[in-house]
Amino acid sequence: MIKEAAELMSEMLNAGVKPSLRTFSAMICRYAKAGKRVEAEKTFNCMLRAGAVNLTLLDFLKEHSSGSHQLINESLIVMLCKADQLDDAIKEYSEARDFGLFCGSLTMYESLLQHCEENELFSEASQIFSDMRFYGVEPSSNLYQGMVRTYNKMGFPETAYYLIEQAEEKGLLFDDASIYTSVIEAYGRLKLWQHAESLVGNLRQKCTMVDLKVWNALVHAYAASGCYERAGAIFNTIMRDGPSPTADSINGLMQALIVDGRLDELYVVIQELQDMGFKISKSSIMLMLDAFARAGNIFEVKKIYNGMKAACYFPTMHLYRIMIGLLAKGKRVRDVEAMASEMEAAGFKPDLSIWNSMFKLYTGIGDFKKTAQAYQLIQEAGFKPDEDTYNTLILMYCRDRRPEEAEELFEGLLNSGNHSKAEKLLGAMKEAGVEPTIATMHLLMVSYGGSGQPEEAEKVLDNLKVEV
């Protein structure tokens, strides 16, 4: 009878007639009771294609069907994952596993593990993968790759590499170089460079030519810890054996010097590379500029910047942000204003970060008029002042002996519900030698109480008692 029913339903589908949910459910239950799992799964897939499956249906089947719980549980887990209800999916899986209801199918495990990786639930992914292997379900190529990435993010590159070797033993070869680079990067974070080199060595034995991304990952692994000599040795190997190094390879070499604090050697390395015929890219130049900016070397930063202009490199907002920030720290007012004008002439408008740099500059030199003008321009541009902006302004008002205006800013923050920012500004006022008034403290206490934070309000009251 099951055979005849299946044939009839097949005819309905071929004729474009969509069977009811009750018909589909009856077929699944009959197949499950007869031990015909494959046929039950095919029927369920028909339901999926027909759009006849939803979470309500699966919950109903789970509660009322006898004999098809395994398929229904798995289907429910898959559907929960697709509906982005991962917590419910994991709970459903855990309950079914704890009661020994099923071992699970590859489809279910793939769905669970994929969503665990996407949501960075790495420990859960590791447990589910262990369950899958325990029950004898063989991972697919995609699942192996996903778990390699997961173990690398967990800081277990040895386990990740072991999975790669297992997959290769089963004839699963990975064409995506990122699988190997992720392991090398994980080794690098743990300073296990010999393991990383061993991985590349094994690849060289298996491949005619190792992908350049793998070589670059090894260079960057050494560079992250400032191991310039080893990074240079890998770079030389790339030049000798191929493929030809790229800008990313050169950046790795430069990053090693930067991390090791050997900025004075950057020009020497660049000259050597140019002598060998390499063109220094804009990304490499920006790497140098960032490094000298962090070191506060205005002379070298301006030198690099002028060189970029001479080479007709089109500036970016990031470049202007670095330049203005550094020049402002050095209180180079004319240079800052010239750079701001140049930026606007190039079609860029100052962002809040640039305005904050200029705020600090004008406040530092005591030019409160320009600070106030800049603040007005921020408001006109539609920017919402951040904590850095308010701190700079409140310090300006305090140094200018205008505490009333500083307190007005403080009150404005409280009225907008920014308690944490207001408290930090309160600290800034005290550091500037301006003690908040009782009215200000009372405002803070009332604001906390009105927002449902009585404990914080009590702390303010206690501080007020101590000061009184």
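Each reported figure results from applying straightforward, stated rules to the coordinates on display, with no laboratory input. Computed from a predicted structure; not experimentally measured. All Cβ positions, glycine included, derive from the backbone under ideal geometry; neighbour counts span all protein chains shown.
If you keep only loop residues by DSSP, which chymotrypsin sites (Phe, Trp or Tyr not before Pro) in segment 165-196 have at most 10 other Cβ atoms within 10 Å of their Cβ?
Here no loop site has a sparse enough neighbourhood.
Let's see if you can work this out: charge +1 on each Lys and Arg Cβ, -1 on each Asp and Glu Cβ, no other charges. What is the dipole magnitude of segment 173-314 about its Cα centre, in debye to the nearest 20?
Magnitude of the dipole: close to 240 debye.
Could you please report the charge total around ILE378, scoring K, R as +1 and D, E as -1 over all other residues with beta-carbon less than 11 angstrom from its beta-carbon?
-2
Work from the charge dipole of segment 164-224 (Cβ charges, +1 for Lys and Arg, -1 for Asp and Glu, about the Cα centre) and give the residue of TRP215, ILE179, ASN202 farthest towards its positive end.
Going by the charge dipole, the pick is TRP215.
State which entries of LYS153/LYS329; LYS91/LYS206; LYS213/LYS329; LYS170/LYS191; LYS91/LYS384 exceed 32 angstrom in Cα-Cα distance in the structure shown.
Beyond 32 Å: LYS153/LYS329; LYS91/LYS206; LYS213/LYS329; LYS91/LYS384.
When Rg is the radius of gyration of the Cα atoms in segment 148-197 and Rh is its Kirkwood radius, what does Rg/Rh come to?
0.96
By average Cβ neighbour count within 10 Å, what is the ranking of 85-98, 304-317, 215-228 from highest down?
215-228, 85-98, 304-317
I want to check the label-to-label distance for ASN306 and ASN236. Put each point 7 Å from Cα in the C-beta direction and report it in nm to one decimal.
Reported label-point gap for ASN306 and ASN236 is 3.6 nm.
Given axes a ≥ b ≥ c from the Cα gyration tensor, I'd like to know whether segment 221-295 is rounded (a/c under 1.5), prolate (a/b larger than b/c) or oblate.
It comes out oblate by the Cα gyration axes.
Have a look at MET108, SER141, SER126 and report the one farthest towards the positive end of the charge dipole of segment 104-149, computed about the Cα centre with Cβ charges (Lys/Arg +1, Asp/Glu -1).
The residue sitting most towards the positive pole is SER141.
What distance in nm separates the simple spin-label points at GLN205 and GLN114, each placed 7 Å from Cα in the Cβ direction?
Between GLN205 and GLN114, the label points sit 3.5 nm apart.
What distance in nm separates the simple spin-label points at ASP264 and SER94, each placed 7 Å from Cα in the Cβ direction?
5.9
With r defined as the distance between the Cβ atoms of GLU344 and ALA295 and R0 fixed at 30 Å, what FRET efficiency is calculated, to the nearest 0.05?
Computed FRET efficiency for GLU344 and ALA295: 0.60.
Compute the distance from the alpha-carbon center of segment 195-210 to that of segment 306-376, in whole Å.
Here the answer is 48 Å between Cα centres.
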